[in-house]
Amino acid sequence: MDKSTNFFGIDISKDVFDVMDMKNNHYQFLNNSIGFKDFAKILDENSHCVMEATAYYYSQLAYFLVDKNIKVSVENPIAVKRFIQMKLSKIKTDKSDAKMICLYAQNVDLKLWTGNSKNQIECLQITRLLNVYIKQSTALKNKIHGEQALGNPSPAVVRSLNRNLKQNKNEQLVLEKKLTELVKQEHQQLLTLLESIPGLGRKTSIMLIIITDGFNRFDSASGLCSFSGLTPIIRKSGTSVNGKPRISKMGNQRLRNLLFMCSFTACIHNKACKDIFDRITNKGKCKKLALMAVCNKLIKQA
């Protein structure tokens, strides 16, 4: 850590954000452009602002600070929470959280946050909305099935549900088309390369590009596997704890689901994936475990 660096721990909420520096000076500012400008007045070239990725509340402040050439780190809330628990802190306030984030910054290796391009931001927004529509579509299908299972479903109810489902599908098609256009603008060659991998479809290829920002966010395939929640968790301790290994599922659920669907085709048309699947199943392991291994292989090939 550079001794000249002055860390600022920032705890953000919807309306305000609390700031604590290394000298335990506490500040509170409005979470808007006025508050950002007031905060900037106490910063200099040696300042390093550290905050959690709390919902979307951190975004505007982070981009404002980056535009001002101030060092910014946006940390995983779970990592910060575990650090606070390790310190056995018994106080939970915005001020105390800002103080603990500042202390956290002084004890870990921080990675600078640079934000995303306008193209990437729009892609992420479309992806999030698509996820909402997919969940709504599933709920509507379940509702239609439920009404039919009850018997004598109301024609008005069924028509309304089908109209909503049709509109939902149309919105998904429009967004998917726009998403493909945006990805092709910056990553046409990369998209072509990914689609050349047997078993990897267009939706999964596009999702990989968006999540990794053209594979610039991750230094290795193992990091992307971990982010996707495909790495195993092993629970063993002494003679009393001997948990069954399972995947972490702590990563991006949408990408994990897409890769899982791709794994079925990859087992047939992708030689490397088929070899892994056959090797694992021939040892008597379950097919789902083999498919998870195929998902990891697809990521490594990508």
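How large is the accessible surface per residue of the chain, computed with a 1.4 Å probe and reported in Å² as a whole number?
Details: 18410 Å² over 302 residues.
That works out to 61 Å² per residue.
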Charge dipole of the range 41-113 built from unit charges on the beta carbon (Lys, Arg +1; Asp, Glu -1), centred at mean Cα; most positive-end Cα among I101, V72, M86 is M86
Using the Kirkwood radius over C-alpha pairs as Rh, can you work out the diffusion coefficient of the range 68-131 via Stokes-Einstein at 20 °C, viscosity 1.002 mPa s, in µm² per second? 151
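With Cβ to Cβ distances under 14 Å as the rule, what net charge do the other residues near F17 carry (K, R +1; D, E -1)? It would help to have the intermediate numbers written out before the result.
Details: positive: K14, K37, K95, K99; negative: D11, D15, D18, D21, D38, E52, D94, D97.
Summing Lys and Arg as +1 and Asp and Glu as -1 gives -4.
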List the aspartates and glutamates whose Cα lies under 15 Å from the Cα of K184, skipping any in the same chain that are fewer than 8 positions away. E122, E176, E195, D213
Excluding same-chain residues fewer than 8 positions from K90, which lysines have a Cα within less than 20 Å of its Cα? K81, K99
Within a Gaussian network of the chain (alpha carbon springs, distance under 10 Å), most fluctuating of Q28, Q85, Q189: Q85
Can you give me the C-alpha center-to-center distance between the range 283-302 and the range 5-47, rounded to a whole angstrom? 46
In 10 Å bins starting at zero, report the fraction of Cα pairs in the range 10-65 per bin as a rounded %. 23, 63, 14
Which three numbers, in whole Å and largest first, are the semi-axes of the equivalent ellipsoid of the chain derived from its Cα gyration tensor as √(5λ)? 39, 27, 22
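Can you give the convex hull volume per residue for the Cα atoms of the range 70-206, as a whole number of Å³?
Details: hull volume 32.6 nm³, N = 137.
With only Cα atoms used, the range 70-206 gives 238 Å³ per residue.
Counting only protein heavy atoms and a 1.4 Å probe, tell me what percentage of the chain's accessible area is made up of carbon and sulfur.
On the way: 9580 of 18410 Å².
Using a 1.4 Å probe with all protein chains present, the chain comes out at 52 percent carbon and sulfur.
Suppose we take every Cα in the range 112-167 and form the convex hull; what volume per residue is that in Å³?
Numbers: hull volume 4.0 nm³, N = 56.
Looking at the range 112-167, the number lands at 72 Å³ per residue.
The values are calculated or read from the model by the stated rules, or taken from the named source; none is laboratory data. This is a predicted model, so every value here is computed, not measured. Note that each Cβ is placed from the backbone with ideal geometry, even for glycine, and that neighbours are counted across all protein chains shown. Just the protein is used for accessible areas: all its heavy atoms, side chains included, with ligands, DNA and RNA removed. Shrake-Rupley method; radii C 1.70, N 1.55, O 1.52, S 1.80 Å.
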